[in-house]
Amino acid sequence: MAAEKWVYMVTAQTPTNIAVIKYWGKRDEVRILPVNDSISVTLDPDHLCTVTTVAVSPSFDRDRMWLNGKEISLSGSRYQNCLREIRGRAGDVEDKEKGVKIDKKDWEKLHLHIASHNNFPTAAGLASSAAGFACLVFSLAKLMNVDEDASHLSAIARQGSGSACRSLFGGFVKWEMGSKDDGSDSIAVQLADEKHWNDLVIIIAVVSSRQKETSSTSGMRESVETSLLLQHRAKEVVPKRTLQMEEAIKNKDFASFTQLSCADSNQFHAVCLDTSPPIFYMNDTSHRIISLVEKWNRSEGTPQVAYTFDAGPNAVLIARNRKVAVQLLQGLLYYFPPKSDTDMKSYVVGDNSILKEAGLDGANSVENLQPPPEIKDNIGSQDQKGEVSYFICTKPGRGPVVLPDQTQALLDPETGLPK
Ligand code: DP6
């Protein structure tokens, strides 16, 4: 290491993902090894992502991290496991222009600064740990010149948070549970990229909730300890369902995709109810949204919209194409209108060009919406103002990328401290 002044850094962006075959239950709590395979859709990082800048400098005296602008501790075992695994694979790095020369063996002694930011509110209950740990591992791998493919990196991200391993890829992703005790075969693989099935449109209803939710980590631990349904699901149901879901994705078979996603989401929530004490993640609003979608799919004769719910009340709705998504949004806004003082552009975020297509970009237009005829009077009246905080319109998206534009870095290139 020459002139000891430099700060060397990398900034990366990583998407979040939504499981359509759920991961719920670990067979090894430390290595984070699951009891079944899972499959997810990566969400467009333009709308939901984590950006992380990682920096190294001989002037840093300890590892530090800032999350959404606030310093947090890195002492937890999940962070420590990821840092140890990635440091163990670090390579030589040289940047002549900056006078940076790091030998492989130097990484053990050098300290890191890490700054991470989500482009969506953490409080919204969207899977921030998935994008966060995937971004941490991906950006460190780039900084440290780690020569491993995305699947190998996924096995490291998995040790930060299970669902994070699936965020190392874009499109449609499978986390293979693996069978080895050391977890080396518990990795994510890409089933198809984001262009494969690009008709799909995803609308997320961020459902208001006052209730403090059980974290996924402790919830799934309790399910493993007490739910017999979880054992049956992992042994008998998910292995078959995973194969069927892979086929549905390969063939872009929306009817099967919907049937499998909805059934799997419902079974995951049934496992939560089968846990002692029972865990309630969905609320009345979630149930009303399920009703709306089920009734609509039934009346159309063939499925138009799939739904899935994670460890919270938010609905993730996957429409078979843009035309269906426009109708879906109109139906959702009819039943869940914004409060009167809310601007439509802050009520429908992400790809909000859909508002124009739905004829809803003007003032007061929500009041003119007609109830969807086939589900009229079936899910209650239009009195659910405030039940949904906002909607996010998005689509399947790409995997992690390095952001070469230095202006997007979250750390100052001179001091290595948050900007
Ligand atoms: C319901 O990955 O958050 O979202 O591995 O303990 O960090 P840990 O749990 P986490 O669990 C995600 C559970 C889920 C389903 C899924 O994403 O597959």
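Which number in (1) under 27 Å from Ala130 (Cα atoms); (2) without any contact (Cβ under 8 Å) to a residue 60 or more places away in the chain; (3) part of a helix (DSSP H, G or I); (4) touching a strand residue (DSSP E or B) at 6+ places or on another chain (Cβ under 8 Å) marks the one condition that Ile289 misses?
(2)
Quick check, is Arg298 among the charged types (D, E, K, R), away from the ligand (no atom under 15 Å from the Cβ) and in contact with a strand residue (DSSP E or B) (Cβ under 6 Å, 6 or more places away or on another chain)?
Considered against the rule, which asks whether it is among the charged types (D, E, K, R), away from the ligand (no atom under 15 Å from the Cβ) and in contact with a strand residue (DSSP E or B) (Cβ under 6 Å, 6 or more places away or on another chain), Arg298 comes out as no.
Here are Asp341, Asp351, Asp412: which of them is touching a Lys or Arg at 6+ places or on another chain (Cβ under 6 Å) and either at pLDDT 85 or above or on the phi < 0 side of the Ramachandran plot (or both)?
Of the residues listed, the single one that is touching a Lys or Arg at 6+ places or on another chain (Cβ under 6 Å) and either at pLDDT 85 or above or on the phi < 0 side of the Ramachandran plot (or both) is Asp412.
Identify, by number, the condition in (1) outside any helix (DSSP H, G or I); (2) at pLDDT below 95 that Ser346 doesn't meet.
(1)
All but one of (1) surrounded by fewer than 21 Cβ atoms within 10 Å (Cβ to Cβ); (2) not in a helix (DSSP H, G or I) hold for Ser151, so report the exception by its number.
The one condition Ser151 does not meet is (2).
Can you tell which of Val30, Val20, Val51 is within 19 Å of Gly183 (Cβ to Cβ) and β-branched (Val, Ile, Thr)?
Only one candidate passes the filter, namely Val30.
For segment 183-215, give me the residue count where each residue is at pLDDT 95 or above and basic (Lys, Arg).
Total meeting the criteria: 1.
Please go through (1) part of a loop (DSSP other than H, G, I, E, B); (2) aliphatic (A, V, I, L, M); (3) under 30 Å from Ala315 (Cα atoms) for Ala19 and return the number of the only condition it doesn't satisfy.
For Ala19, the exception is condition (1).
Is it true that Gly170 is within 16 Å of the ligand (Cβ to nearest atom) and either in contact (Cβ under 8 Å) with a residue 40 or more places away in the chain or out of contact with any strand residue (DSSP E or B) (no Cβ under 9 Å at 6 or more places or on another chain) (or both)?
Here the answer is no, as Gly170 does not meet what is asked.
Just one of Ala363, Ala315, Ala358 is at pLDDT 95 or above, small (Gly, Ala, Ser) and not assigned by TED's automatic domain parsing to the domain that holds Asp149; which is it?
Among Ala363, Ala315, Ala358, only Ala315 is at pLDDT 95 or above, small (Gly, Ala, Ser) and not assigned by TED's automatic domain parsing to the domain that holds Asp149.
Out of segment 334-358, which residues are in contact (Cβ under 8 Å) with a residue 40 or more places away in the chain and closer than 19 Å to Ile289 by Cβ?
Tyr334, Tyr335, Phe336, Pro337, Pro338, Lys339, Tyr347, Val348, Val349, Gly350, Ile354
Is it the case that some residue within segment 182-201 is in contact (Cβ under 8 Å) with a residue 24 or more places away in the chain, touching a strand residue (DSSP E or B) at 6+ places or on another chain (Cβ under 9 Å), within 17 Å of Gly25 (Cβ to Cβ) and not hydrophobic (A, V, I, L, M, F, W, C)?
yes
Examine segment 115-124 for a residue that is among the hydrophobic types (A, V, I, L, M, F, W, C) and more than 16 Å from the ligand (Cβ to nearest atom), and state whether such a residue exists.
yes
Could you tell me whether any residue of segment 43-53 is within 16 Å of the ligand (Cβ to nearest atom), assigned to a loop (DSSP other than H, G, I, E, B) and within 26 Å of Ala188 (Cα to Cα)?
Yes: segment 43-53 contains one or more residues that are within 16 Å of the ligand (Cβ to nearest atom), assigned to a loop (DSSP other than H, G, I, E, B) and within 26 Å of Ala188 (Cα to Cα).
Considering Ser77, Ser40, Ser73, Ser59, which residue is without any contact (Cβ under 8 Å) to a residue 24 or more places away in the chain, in the same structural domain as Phe138 (by TED's automatic domain parsing) and not aromatic (Phe, Trp, Tyr)?
Ser73
Filter segment 235-256 down to the residues that are within 22 Å of the chain's Cα centre (by Cα), within 16 Å of the ligand (Cβ to nearest atom) and not basic (Lys, Arg), then identify the one that is nearest to Glu29 (Cα to Cα).
If we take residues in segment 235-256 being within 22 Å of the chain's Cα centre (by Cα), within 16 Å of the ligand (Cβ to nearest atom) and not basic (Lys, Arg), then Val238 is nearest to Glu29 (Cα to Cα).
Yes or no, residue by residue, for (1) loosely packed, with under 15 Cβ neighbours inside 10 Å; (2) within 15 Å of Thr308 (Cβ to Cβ):
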| site | (1), (2) |
| --- | --- |
| Ser223 | no, no |
| Leu228 | yes, no |
| Gln231 | yes, no |
| Val238 | no, yes |
| Ala248 | no, yes |
| Ala255 | yes, no |
| Phe268 | no, yes |
| Pro277 | yes, no |
| Ile290 | no, yes |
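Please identify the pairs in which a residue from segment 217-231 that is within 12 Å of Arg27 (Cα to Cα) and of a type in the set (Val, Ile, Thr) has its Cβ atom under 7 Å from the Cβ atom of a residue that is in a helix (DSSP H, G or I) and more than 11 Å from the ligand (Cβ to nearest atom), counting only partners at least 6 apart or on another chain.
Val224/Leu230
The values are calculated or read from the model by the stated rules, or taken from the named source; none is laboratory data. Computed from a prediction, not measured in an experiment: that's the story for all the values here. FYI the Cβ positions are ideal-geometry reconstructions off the backbone, even for glycines, and counts take in every protein chain you see.
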